[in-house]
Structures are given as structure tokens and as C-alpha cells.
Amino acid sequence: MARVGTDGPFSEFAGIDRTLAVIEGTGLELTIKDRAPVTLGLASEPISFAGDVKTSARLLAGEITDLNVMTRRARFSHRLTRIREPAERGLTDDDVAVVLAVNGHVIVASNSEVVTLEHRDAAVLTQSNDMTLISPAADCECYLVLLRELRNQPG
């Protein structure tokens, strides 16, 4: 998570893939390479882009906080998903999952354990055959990050 307080360019990261979501504030307008600007706000779905292309942001109405997932392209892939209602997830295809309660609380339950995440808490789930139920409270913003190691890849 990072606070963005001014308009300007994003840092460039060679060989990195990024996904960004706005979790606090009004939002921003993101310009990625030569594409048309994209407006991101609290209700927007996360946006993915290469970290090694020219990217800049213009704040819509003051400072924002973003959730920014970055992975080395040759080593890992990732997905960032907003969870708005109870969802069951199996982790057999993904190596690691991170559940983040942005505000409010989220119940994370597997066959072996139940935990409650509060404001800005996170739970790290490792590969397992268990199904995991992620249940955000009605007013809670919750995100799921899925990380997959890219085996047998150069680099």
C-alpha cells in the first residue's frame, strides 16, 4: 500500500508486472504508455500493467491510498481480485494467496481454522487441498491476491 499525494510519473520497474487498486480517497486518472487515460476510484476493478512502461497519475480530488501488487515477470504471476460477497476459493492451482481486509472485518475459514481479519489485517494462505471461505462484512472492502510461481522459466 502506498499513499499518492501528488500528480506525476510512476517509478519504472524493469521486468515487473503490476496491478493497482484504489483503497482510499476519491481516485486517480492513470495514463499507461500511449493508451487512453483510465479513471480508477474506490468502486473500480483493479488494473494491471507492465511496470517497465511509462505510467503517470493525476489525482482526481486529493490524496489517495493504493494497493499495488508487483511480481517479477519471469518468476511469478499474480491476480488481484476484489471480494465483495462470500466466496469459496481452492488453492490447488495457486502457490500462495493473501486475503486483505481494507476496512471492516473479513472471516477467513478453512477446514482446519477460522480467523477474523480487522482493518488492514492480512492472512497468508499456502497451497492446500482445503477450500477456503472468504466472507467480508457488508461494508468491508476485501482483496484477494493470488501468486503463482512460474516454474521452469528462465531468469
Computed about the Cα centre, the charge dipole of the chain from +1 Lys/Arg and -1 Asp/Glu charges at the Cβ has a magnitude in debye, to the nearest 20, of 560 debye
When the charge dipole of the chain is computed with +1 on Lys and Arg Cβ and -1 on Asp and Glu Cβ about the Cα centre, the Cα farthest towards its positive end, among Pro37, Cys142, Thr6, belongs to Pro37
Amide H proximity to Ile23 below 5 Å, modelled H, separation 5+ or other chain, gives Thr65, Asp66, Leu67
Under the Karplus relation with 6.51, -1.76 and 1.60 and θ = phi - 60°, whole-Hz ³J(HN,Hα) for the stretch 76-87, x at Gly and Pro, equal 9, 10, 8, 9, 10, 10, 7, 10, 9, 9, x, 9
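Bear in mind these aren't lab numbers, they're just calculated from the coordinates by the rules spelled out. This structure is a prediction, so every number in the text was calculated from the model and none was measured. When we count neighbours, we look across all protein chains shown, and the Cβ atoms used for this are built from the backbone with ideal geometry, even at glycine.
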